[in-house]
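The values are calculated or read from the model by the stated rules, or taken from the named source; none is laboratory data. The shown structure was predicted, so the numbers you read here are calculated from the model rather than taken from an experiment. A quick note on method: Cβ atoms are made from the backbone with ideal geometry, for glycine too, and the neighbour counts reach across all protein chains shown.
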Ligand SMILES: [Zn+2]
């Protein structure tokens, strides 16, 4: 599933996403935490850069849409375990505590 299809499944409008640099810098991502989820407007808990036909954009996500995004990307991108390893590394680099909570019932 490509990024455009993932955005459609998430209900995010690609024309409203903020432009992003090509590469993620932890400090830039940290400043985006708490921005409205690109799908539902709930305060975001994660962000990532996606590549769309018109350029790189920030995709901010609440917990539920972050998890849905992971499920949609399974098999087409990094494995979830690798994403969490990256999050742990970024949190350690930033000197902040990170707790990952999963919802087994949600799949
Ligand atoms: Zn959301």
Pairs needed: first member in the stretch 25-45, free of Cβ contacts under 8 Å to residues at least 24 places away in the same chain; second member anywhere, within 14 Å of the ligand (Cβ to nearest atom) and assigned to a helix (DSSP H, G or I); C-beta distance under 6 Å; at least 6 residues apart or different chains.
45/63
Residue 62 - would you say it is touching a helix residue (DSSP H, G or I) at 6+ places or on another chain (Cβ under 7 Å) and within 13 Å of the ligand (Cβ to nearest atom)?
no
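Against the condition at negative phi, more than 16 Å from the ligand (Cβ to nearest atom) and assigned to a helix (DSSP H, G or I), how does residue 100 come out, does it pass?
Working: at negative phi: yes; more than 16 Å from the ligand (Cβ to nearest atom): yes; assigned to a helix (DSSP H, G or I): no.
No: the conditions fail for residue 100.
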Residues 49, 6: which one is in contact (Cβ under 8 Å) with a residue 24 or more places away in the chain and either within 17 Å of residue 84 (Cβ to Cβ) or assigned to a strand (DSSP E or B) (or both)?
49
Condition check: closer than 20 Å to residue 99 by Cβ, loosely packed, with under 12 Cβ neighbours inside 10 Å and within 16 Å of the ligand (Cβ to nearest atom). Does residue 34 satisfy that?
yes
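Test residue 70 against the criterion of being within 16 Å of the ligand (Cβ to nearest atom), over 13 Å from residue 6 (Cβ atoms) and at pLDDT below 90, and give yes or no. Talk me through it step by step, then tell me what you get.
Details: within 16 Å of the ligand (Cβ to nearest atom): yes; over 13 Å from residue 6 (Cβ atoms): no; at pLDDT below 90: yes.
So residue 70 does not fit the description; no.
A quick yes/no check of all residues on (1) more than 20 Å from residue 99 (Cβ to Cβ); (2) within 16 Å of the ligand (Cβ to nearest atom); (3) under 12 Å from the mean Cα position of the chain (by Cα); (4) surrounded by 13 or more Cβ atoms within 10 Å (Cβ to Cβ):
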{"residue": "39", "(1), (2), (3), (4)": "yes, yes, yes, yes"}
{"residue": "46", "(1), (2), (3), (4)": "no, yes, yes, yes"}
{"residue": "74", "(1), (2), (3), (4)": "yes, no, no, no"}
{"residue": "89", "(1), (2), (3), (4)": "no, no, no, no"}
